[in-house]
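This report refers to the structure that appears directly beneath it.
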Amino acid sequence: MKNADRRKQTIRQLLEGTKELLRDKSCHAITLKDIMEQSQLSKGAIFHYVKSKDEIFAWVLEERLDAVNDRFEEEVRGSIDKSFDGPMHAIARSLAGLEDSHEATNKVLLYLLGKENEPAVAEVLEHFHERSVSVSRQWIITGQKYGVIKETVNPDEMAELFVLLSLGLRVRASLRASSRTLSAKEISGIMAGILKN
């Protein structure tokens, strides 16, 4: 097996094993031994690619961002009339997942935010935020390119707003719900109203 293929396979095993553990445990409760057993990888194989379990958790965040972006791009490519609805639906579905306190990336993000004073974790969080804003900005620019998002929308500002909303949904998922909160679906509707040409 080639090194690149071995790397992909190892990372896939790490991610799948870690996500499986996150279904039943908190980040604090997951040990490196748990990850080794679940992924069926040795400590040496794991540490060949990462420095800590926190880095594995960061990969879980990145993988979700990549998956949402891939769904958005598929919707854009598959939309013959280049309409707003398909890509916005992909984004709305991703927002809905952020309302689930048991969703793996919500657990990971809150865990990492609790460790933001550690330089390596702070760097991971900064990278995740910057990448989230960058991906969101590209969504806005793509929508403007196809004439489905208003040209007057500032991609930088709207991308930052979108990321702030998504982070807020993640944090709110961990709190007790108040009697009246905006749902992800309602937030998506508000965003669509602002963006749609």
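The values are calculated or read from the model by the stated rules, or taken from the named source; none is laboratory data. None of these values were measured; they are calculated from a predicted model. Reconstructed Cβ throughout: ideal geometry from the backbone, glycine too, with neighbour counts over all protein chains shown. SASA here: full protein model, heavy atoms, side chains in, ligands and nucleic acids out. Shrake-Rupley method; radii C 1.70, N 1.55, O 1.52, S 1.80 Å.
Helix 85-97 against the longest principal axis of the chain: what's the angle in degrees, Cα atoms only, rounded to the nearest 10? So the inclination is approximately 40 degrees.
Our Cα-only numbers for the range 27-69 put the radius of gyration and Dmax at 11.3, 32 Å.
Using C-alpha pairs below 8 Å separated by at least 6 residues, the relative contact order for the range 19-119 is 33 percent. Contact order, relative form, for the chain: 22 percent (alpha carbon pairs under 8 Å, 6 or more residues apart, mean separation divided by residue count). Altogether, the Stokes-Einstein calculation at 25 °C and 0.890 mPa s, with the Kirkwood radius of the range 101-158 over Cα pairs as Rh, returns a diffusion coefficient of 185 µm²/s.
Per residue, the chain reaches -24000 deg cm²/dmol at 222 nm when only DSSP H runs of four or more residues are counted, each adding -39500 (n - 2.57).
Remark: the range 105-186 carries 58 Å² of accessible area per residue (probe radius 1.4 Å; ligands, DNA and RNA excluded).
With the highest mean first, a sort of the peptides 144-152, 62-70 on other beta-carbon atoms found within 10 angstrom per residue produces 62-70, 144-152. Pairs of C-alpha atoms in the range 4-53 farther apart than 17 Å represent 25 percent of all such pairs.
Once R0 is set to 22 Å, what does the formula 1/(1 + (r/R0)^6) return for the Cβ-Cβ distance between Leu167 and Glu20, expressed as a FRET efficiency to the nearest 0.05? For R0 = 22 Å, the calculated efficiency reads 0.30. What is the projected area of the convex hull of the Cα atoms of the chain, averaged over all directions, in nm²? About 12.8 nm², averaged over all directions. Of the GluC sites (Glu not before Pro) found in the range 99-130, the ones in coil according to DSSP and having at most 16 other Cβ atoms within 10 Å of their Cβ are Glu116.
Peptides 31-44, 6-19 ranked from most to least packed give 6-19, 31-44, packing being the mean of other C-beta atoms within 10 angstrom over each peptide's residues.
Counting only lysines at least 8 places from Lys150 when in the same chain, those with an alpha carbon closer than 19 Å to its own are Lys82, Lys196.
Calculate what fraction, in whole %, of the accessible area of the chain sits on carbon and sulfur atoms when a 1.4 Å probe is rolled over the protein chains. Carbon with sulfur: 53 percent of the solvent-accessible area. Amide H to amide H distances under 5 Å link Ile149 with Gln144, Asn197, where only residues 5 or more positions off or on other chains count and H is placed in the peptide plane.
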